[in-house]
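Following: one structure in structure tokens, then a few remarks.
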Amino acid sequence: MSPDDGIPGPAESAGAPRIGVDEWVASVEEKRERYSGLRGVALREWDRLPAAARVLLCVGLAALFPLVTSDGNVFRYGLFTLVYGLLAIGLNVVVGFAGLLDLGYVAFFGFGAYTYGILASPQYNNHWQAEAAIPVVIVATGVLGLLVGLPSRRLFGDYLAIATLFFGQAFYVFVNNANRIKFPFFGHTNLTGGSNGIAGIEPFNFFGYKVQGTRGLYYLLLISIAIVLIFLFAVHDSRTGRAWRALREDPLAAEAMSIPVNRLKLLAFVFGAAVAGFTGAIYATIATAALPGDYNVGLLITIYAIMILGGFGSMMGIFVGAIVVSSVPELLRSSANARPLFYGAILLAILVKIRPWRRLALELGGLIAFGFAVHAIASAAYPRLTDGKAIGSGLFARALDHWMLFPRNPEHIADVAYILMVAAIVIFPQATGLWRALLLPALLYSVMFVWENLLLQQIGGATRLILLGALLVALMNARPQGLFGKAYVEIV
Amino acid sequence: MNWSLFFDLTVSGLTLGSLYALVALGYSMVYGILKLLNFAHGDVYMIGAFIGWFALHALGGPVNPDFAGAAVLVVMFLTAMIGCGILGVAIERFAYRPLRNAPRIAPLISALGVSIFLQNSALLVFGAQFRDYQTFNLIGVKTYSIGNLFFSVPQLLTVVAAICLMVALTVFVARSRLGKAMRSTAYDREAASMMGIDVDRVISVTFFIGSALAGAAGVMFGLVFGQIFHFMGFLAGLKGFTAAVIGGIGSIPGAMIGGLVVGLAESYATGYLPQGSTFQNLYVFALLILVILIRPSGLFGTVVVQKA
Amino acid sequence: MADTPLLELDQADKSFGGLRVIADLDLVVNEHEIVSVIGPNGAGKTTLFNLITGIYPPDSGEIRLDGRNLVGLQPHVITGLGIARTFQTLRLFLNMTVKENVMAAQYGHTKVGVLRSMVKTPAARREEKEIHRRAEEKLSFFGDRLMGYRWDQFAYSLSYANRRRLEIARAMATEPRLLLLDEPAAGMNPKETHEITELIGKLREDGRYTILVIEHDMHVVEGISDRVVALDHGVKIAEGSFESVATDERVIEAYLGLRRATTK
């Protein structure tokens, strides 16, 4: 490590500047011109709208949702989308604005839920009004964020990630066991209900008006999101927001321009924690309980996926991200929905990726022929590979029976196939030219085999997180700035 | 003072510490070269434990192995290490290399994605149940003692094997051409590539070695604690990283000492601190925070001016 | 006050590893002076700036602004006390607009906190207006180079010369008394170089700044300097008027000696 790493060198040997030359500027301009055609017009108009109008437009659209569908659908799709969305908005302040990797974020969410639970549940014999409890929850979570952030103050880089990840784990251990800690002076205190959590958490009670029922909660969340978003847009274009963006661009230059970088990072961290705590309180009234298992790494990944899909620093993209990430797995729960989504996604990927059309037709034809060939050989030589049936009913499933292999006991074969498939996907990019064209049908067939025989069976469990994990990796590879984020120019 | 408890805790602390040290090495080496937190490292360790288990069962299982116990052990270690090494190289190729010039946070999130992918793939393929190494059947229940220190065979094996691996690694890094290339790449990647060092290859080798060490640690975990499960990589990864930070990230001897410190601290916390067996992870967390506060560069680390 | 110099380095010393980059350096900059620092590559010029702005502390010695010791203060505090700099390597906030760059640099002398700007209190609106006004004022300093439609352009879309100008505007926005300019003419064509020479003069006359500048272009140095300081290997080898320094034997040797060594 050279002594001057990352700061303008002590020796004036920077060499020829790479930025600023005409070609470089031109390449950047070219990037911006990508928004052309109808999409470009729409995007530019969207960018021109004032922030409040954009928020109102989105919120207004979302407000229509309960009017057109059943309570069950609002609960399944609406509530969780909004909870995740609000969480992602808060996380966006920490990661998107200030560039801090906060991996203990869900612990703040949990802390908010527990704090509200302690303030408003028969278990602790507290029945606070919401107008008093919510500020307490927000401030308490903010203070906790401050306490967690302070030790990492000097090391707001990668160490923050590990310290917060550890903090999330510590929180889990704590709430799981804090029912039998012996405190000096107080003796045994049941602080969190241990592994049973807090049950019977009461709905928000604003001056005697109780917010409950699916629709009530939905609109409560929507109003909360609108308020938080409007506040955040105001902050974004304020002195603090500019300072946040500046320090994300270049912490050293920001510091040299009179911006107290560490204090502002801490502020962003606390801000995010407070939003998470607030969301936690709302979530507690939805679930009417606070359970230690609800605030796990899976949730963390979900929130990150939403934020990244929406694009770092892009607050409105998060709406789209939240809808995609929380609704798709819900839709996936039944094979009738999951199958078209899966095959549709594959078809779309092929359509986008493979050109010209003739090659596309050849590949698709190859895939279909490959399937029938494999099926024919298998049913002649190893009938037990084709004895099973595709999940579900309908024409497509029955057609699949004649094309795809369905072993009678798919467990072991599918497990092995899964590992082989992952290996094949990793190796595939190494293949070139003709090999690539020839191997693609086989690869696609193996993906579909694993999908039909393993992933679709586990659709409610591991599949969701596997897809999310793969999505994160793929998205970072394709668009590091997130799906809806603006392409950032960085000096390498 | 109850000396026999103290010695027991010391032995289990040393064993744990050896595991953490091996995991920490992978973190530290990768961080030294790429300045990247490889969140998936803990899950590579978990995969290593499963590869070991499958190797054991492919050779006839712990009760009736096809060969002598020692030969089975060697095969288990070798397959786990090679398998994890390849996995590590693949992860780097697929998830990190395309992102080398992306914003700094992108590879971290990619790493998070790989971690969750591996964890749930294991859940999908291996199931949620615990798998048992049945070590007692494989290598017996004999314990050895040095004075008051009582070692079980797997514990002794773990500590000795870990020491051997670390010595081999130290010699490799200090002496071999590739090791020297690794050190110069860690020092200044750009300069190294200008000196004709194939940086991509060096990075691949680093991932291979780091992941192989994690794989070995995974098998050791299975031998010492008997049971393995798909989620075991998460905590081990956290503690391995804690060990790397405490020792001074980027420093190889630091990772070894850091691992021992974390292992012993956890073990003593279990025995001596209030509600230690419940809260031992909290105590390790406190230790991490303490080190970050007092000596942010770790025990062996040099002060690094922060980049971003 | 005429007795206390604005900036004073007293036996400042800095080493990296075994390499002594700044060696017991004494340096004085008086109010309203323009002082140029010259020297071959590796002479320690940028390190000098990094020491003054607190990016790293000196190993020993003192650095005083108006008699107040700056050693140990954080960079943003030092900037707040009245020292602002530009970067030789150009470190603009590339994904912010031209105007936002200048607005962001006003953080230190504005006050409205995050809660008040969240709900846009009247005080917050007033201050925001003032920030806009001052940003426009600083940008107008550069004629029409950074005016009009350029306000809302992203910094990355600027040409090289405009980036240098924006760096200076951003530094001005921190309301400094002392401006440190690190090679303001680097990478510019002769016309732009001439412009920047005039601009630096104007900065002193109209902006009332004291200026310490690192520059390689001897025409610029000749055109602007009240006094020139020559560094080599962290040691001050000459100081005085441009003519006396430019003809100093040790300075010539430092430049030629280096050239001989590199062309060998």
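Computed from the coordinates by the stated procedures, all read-outs in this text should not be read as laboratory data. It should be emphasised that the depicted structure is a prediction, and the values quoted were computed from it without experimental measurement. For neighbour counting, all protein chains shown are included, and Cβ atoms are generated from backbone atoms with ideal geometry for every residue, glycine included.
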Worksheet item: Which aspartates and glutamates have a Cα less than 17 Å from the Cα of C:K191, not counting those fewer than 8 places away in the same chain?
Response: C:D144, C:E183, C:E215, C:D217, C:E222
Worksheet item: Scanning chain A for chymotrypsin sites (Phe, Trp or Tyr not before Pro) in DSSP loops with at most 11 other Cβ atoms within 10 Å, what's the longest stretch left with none?
Response: A:208-492
Item to complete: Step through the table entries C:K14/C:K202; C:K138/C:K202; A:K265/C:K129; B:K35/C:K99; C:K111/C:K202, compare each Cα-Cα distance with 22 Å, and write down the pairs that go over it.
Response: C:K14/C:K202; A:K265/C:K129; B:K35/C:K99; C:K111/C:K202
Discussion item. Charges on Cβ only, +1 for Lys and Arg, -1 for Asp and Glu, centred on the Cα centroid of segment B:151-248; of B:G215, B:V167, B:P154, which one is farthest towards the dipole's positive end?
Written reply: B:V167
Worksheet, complete the sentence: Rounded to a whole number, the mean other protein chain Cβ count within 10 angstrom for residues of B:222-234 is 0
Worksheet item: Where the centroid of each part is defined by its Cα atoms, how far is segment A:59-121 from segment A:202-251 in Å?
Response: 10
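Might you report the magnitude of the Cβ-based charge dipole of segment B:75-185 about its Cα centre, with Lys and Arg at +1 and Asp and Glu at -1, to the nearest 20 debye? Don't skip to the answer; put the middle values down first.
Details: 10 positive and 2 negative charges, 117 e Å.
Using Cβ point charges on Lys, Arg, Asp and Glu, segment B:75-185 gives about 560 debye.
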Practice prompt. Would you calculate the separation in nanometres between label points at A:I419 and B:L293, each defined as 7 Å from the Cα along the Cα-to-beta-carbon direction?
Written response: 4.6
Worksheet entry | Folded to 0 to 90 degrees: helix B:41-58 orientation relative to chain B principal axis, Cα | 50
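Hand me the trypsin sites (Lys or Arg not before Pro) from segment A:403-471 located in a DSSP loop with no more than 13 other Cβ atoms within 10 Å, in residue order please.
Numbers: sites: A:R408, A:R436, A:R464; in loops: A:R408.
In loop regions of segment A:403-471 (DSSP not H, G, I, E or B), the sparsely surrounded trypsin sites (Lys or Arg not before Pro) are A:R408.
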Discussion item. Compute the helix-to-body angle for B:252-272: its Cα long axis versus the longest principal axis of chain B, expressed 0 to 90° and rounded to tens.
Written reply: 40
Practice prompt. Determine which aspartates and glutamates satisfy two conditions relative to A:K389: a Cα distance under 20 Å, and not lying fewer than 8 residues away in the same chain.
Written response: A:D401, A:E411, A:D415, A:E452
Response to the item:
Reduced to Cα centres, the span from segment C:1-61 to segment B:1-68 in Å works out to 52
Practice prompt. Would you calculate the separation in nanometres between label points at C:V119 and C:N69, each defined as 7 Å from the Cα along the Cα-to-beta-carbon direction?
Written response: 4.5
Worksheet item: Using r as the Cβ-Cβ distance of A:A336 and B:S145, and R0 as 41 Å, what FRET efficiency do you calculate, to the nearest 0.05?
Response: 0.05
Worksheet item: Peptides A:419-425, B:120-126: what's the order by average Cβ count within 10 Å, highest mean first?
Response: B:120-126, A:419-425
Worksheet item: aspartates and glutamates within cross-link reach of C:K120: Cα-Cα under 13 Å, excluding same-chain residues under 8 positions apart?
Response: A:D237, C:E128
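Filter chain A for me: DSSP H helices, axial length by Cα at least 30 angstrom, mean Kyte-Doolittle hydropathy not below 0.5. List them by residue number.
Values: long enough: A:213-236 (34 Å, 1.91); A:261-287 (38 Å, 1.41); A:357-381 (36 Å, 1.12).
Sorted by number, the helices that extend far enough and score high enough are A:213-236, A:261-287, A:357-381.
Using only DSSP helix segments of four residues or longer, with each worth -39500 (n - 2.57), what per-residue ellipticity at 222 nm results for chain A after dividing by its residue count and rounding to 500?
Values: 19 runs with 311 residues, N = 492.
So the helix-based figure for chain A works out to -21000 deg cm²/dmol.
Give me a single rounded figure for A:161-171: the average over its residues of other chain Cβ atoms within 10 Å of their Cβ. List each step's numbers first, then the result.
Details: counts 7, 12, 7, 0, 7, 12, 3, 1, 8, 10, 2.
Per-residue shielding by partner chains comes out at 6.
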Worksheet item: Cα axis of helix B:69-91 to longest principal axis of chain B: angle in degrees, 0 to 90, nearest 10?
Response: 30
Discussion item. Using only DSSP helix segments of four residues or longer, with each worth -39500 (n - 2.57), what per-residue ellipticity at 222 nm results for chain B after dividing by its residue count and rounding to 500?
Written reply: -24500 deg cm²/dmol
Fill in: Label point 7 Å beyond Cα of A:D71 along Cβ direction - residues of segment A:307-342 with amide nitrogen under 17 Å
none
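Could the peptides C:126-137, B:42-53 be put in order, highest first, of the mean number of other beta-carbon atoms found within 10 Å of their residues? Working shown, then result.
Details: C:126-137: 15.8, B:42-53: 28.1.
Order by mean packing, descending: B:42-53, C:126-137.
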Worksheet item: Averaged across the residues of A:459-472, what count of C-beta atoms belonging to other chains lies within 10 Å of each residue's C-beta?
Response: 5
Discussion item. How large is the convex hull of the C-alpha atoms of the protein assembly as shown per residue, in Å³?
Written reply: 214
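Before rounding to the nearest 500, sum -39500 (n - 2.57) across all DSSP H runs of length at least 4 in chain C and divide by the residue total; then give [θ] at 222 nm in deg cm²/dmol.
Details: 10 runs with 104 residues, N = 264.
For chain C, the value works out to -11500 deg cm²/dmol.
Let me know the charge dipole size of segment B:1-148 about its Cα centre in debye, to the nearest 20, where only the beta-carbon of Lys, Arg (+1) and Asp, Glu (-1) is charged. Don't jump to the answer; show the numbers that get you there.
Working: 7 positive and 5 negative charges, 107 e Å.
Dipole size: approximately 520 debye.
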Practice prompt. Counting other beta carbons within 10 Å of each Cβ, put C:I78, C:I38 in order, fewest first.
Written response: C:I78, C:I38
